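Here is the structure we will look at, set down as structure tokens.
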């Protein structure tokens, strides 16, 4: 059965949020990511960070090496010595020429924030990469007293330990009616039926809750509910966007995501199929459909738009969306400049752009390139029809006296060489004054033509049906360049 620890965790957090915020104990060492990072990045790194264009005084405070490096007879930060650190002197100065942040460049630090930075420097000014860039480490769940063991999941044991440190207690355990409602809404987005509630309340045997969860996971509504979250991330829509917002046919991708959730598809496979399903050795239809993740971009097909411009707009969108979904980080900033606070350079943005810059789509109303998708019933019909058609073609290719006689009769009634008949014009007249001469070879020679004209030609009607009329344009030595017209061609 799939793990449902997050359901218990949601109940625990309700108790945490209800409690009052507890000040950080003075004896506890500061944590850079928790206590210091936001101060530095909100107040200092804009002018003293990774962006070469905006960096002031060639000082970087986003990296420890830059912060502690000697700058003549001083350093921005002297680890363990706040009284010798230029950073502390500047943030406590009242001189407008020296104080940091400078007047008009941001909100001044309040006394609590100044004290945090002073204490951090005194503790050695330890830096740390953002937690999202730290490799996860396996942690053994802590032991908790019996009275805090409100759940058996390892996550809850971590939460219970921290709650005890802050003097918090969890909410009361939900009754069974509330529990089935919560888990039904969590897994399917739908409340339980009266029959489901009655059955769960009547089942007091061991494993009743687990069996309830299994039943909910088997419902089609499970995939429909949770696919909604992914489709939002993938910017799925049934229309193309922009002003006219025409309907697009991309529902097969939506159904692929729903099927993947209901089948509990491994996430690594789910990832591969959407990012590069078409590059697999022998991709299945579903794996080709999965790559429509990249086709959920806006499409501007108004008159006057430029195909290559909007193809590039789509590639940029794919870079930003791919990293937002799989890396939980924003690449958009690095499109124009090195990222202000994430370790992403503008060069790296366009390196990723180059990976995705091999697409053929653009701002076309037909949304090409496309693939054809058939339902199971349509596939069965197509197979039957292709089999029948192959049999009929084989029959037609097999010579028999009856078939040959039929072909001979067809050729007799419908000869393959059409009997064209030349007609001699009786009269030709120009509406706008061109000179038209009927030649001995039955051709018409036009001289002094106006820019626009209408010519009426009277021809004798041959006996029998008239199936087609063919006009031939012939060169003449009297025309410019001995050509077929008056344009000199």
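The values are calculated or read from the model by the stated rules, or taken from the named source; none is laboratory data. Since the structure is predicted, the reported quantities are computational estimates derived from the model, not experimental observations. Cβ atoms come from the backbone with ideal geometry, glycine included; neighbour counts cover every protein chain shown.
Filter the stretch 250-263 down to residues that are within 21 Å of residue 318 (Cβ to Cβ) and touching a residue at least 24 places away in the same chain (Cβ under 8 Å), then give me how many there are.
Qualifying residue count, the stretch 250-263: 7.
Suppose the filter is more than 28 Å from residue 229 (Cβ to Cβ) and in a helix (DSSP H, G or I); does residue 340 pass it?
So residue 340 does not fit the description; no.
Just checking, which of 469, 423 is part of a loop (DSSP other than H, G, I, E, B) and surrounded by 10 or more Cβ atoms within 10 Å (Cβ to Cβ)?
Answer to the selection: 423.
Consider only pairs whose beta carbons are under 6 Å apart and that are at least six residues apart or on different chains; among these, list those whose first residue lies in the stretch 227-249 and is closer than 20 Å to residue 300 by Cα and whose second residue is surrounded by fewer than 11 Cβ atoms within 10 Å (Cβ to Cβ).
Cβ pairs passing all conditions: 239/247.
Would you be able to say whether some residue in the stretch 171-178 is in contact with a helix residue (DSSP H, G or I) (Cβ under 6 Å, 6 or more places away or on another chain) and on the phi < 0 side of the Ramachandran plot?
yes
Taking the stretch 179-197, which residues are surrounded by fewer than 13 Cβ atoms within 10 Å (Cβ to Cβ) and either assigned by TED's automatic domain parsing to the domain that holds residue 228 or more than 24 Å from residue 228 (Cβ to Cβ) (or both)?
194, 195
Examine the stretch 371-391 for a residue that is assigned to a loop (DSSP other than H, G, I, E, B) and touching a residue at least 60 places away in the same chain (Cβ under 8 Å), and state whether such a residue exists.
Yes, the stretch 371-391 contains a residue that is assigned to a loop (DSSP other than H, G, I, E, B) and touching a residue at least 60 places away in the same chain (Cβ under 8 Å).
Could you list, in sequence order, the residues of the stretch 105-119 that are surrounded by 15 or more Cβ atoms within 10 Å (Cβ to Cβ) and in a helix (DSSP H, G or I)?
Passing the criteria: 113, 114, 116, 117, 118, 119.
Does the stretch 128-140 include one or more residues that are more than 38 Å from the chain's Cα centre (by Cα) and either assigned to a loop (DSSP other than H, G, I, E, B) or at pLDDT 90 or above (or both)?
Taking every residue of the stretch 128-140 in turn, none turns out to be more than 38 Å from the chain's Cα centre (by Cα) and either assigned to a loop (DSSP other than H, G, I, E, B) or at pLDDT 90 or above (or both).
Can you pull out every residue in the stretch 53-66 that is without any contact (Cβ under 8 Å) to a residue 60 or more places away in the chain and not in a loop (DSSP other than H, G, I, E, B)?
Within the stretch 53-66, 65, 66 qualify.
Just wondering, is there one or more residues in the stretch 69-82 that are under 23 Å from residue 340 (Cα atoms), surrounded by fewer than 16 Cβ atoms within 10 Å (Cβ to Cβ) and in the same structural domain as residue 119 (by TED's automatic domain parsing)?
For the stretch 69-82, residues under 23 Å from residue 340 (Cα atoms), surrounded by fewer than 16 Cβ atoms within 10 Å (Cβ to Cβ) and in the same structural domain as residue 119 (by TED's automatic domain parsing): present.
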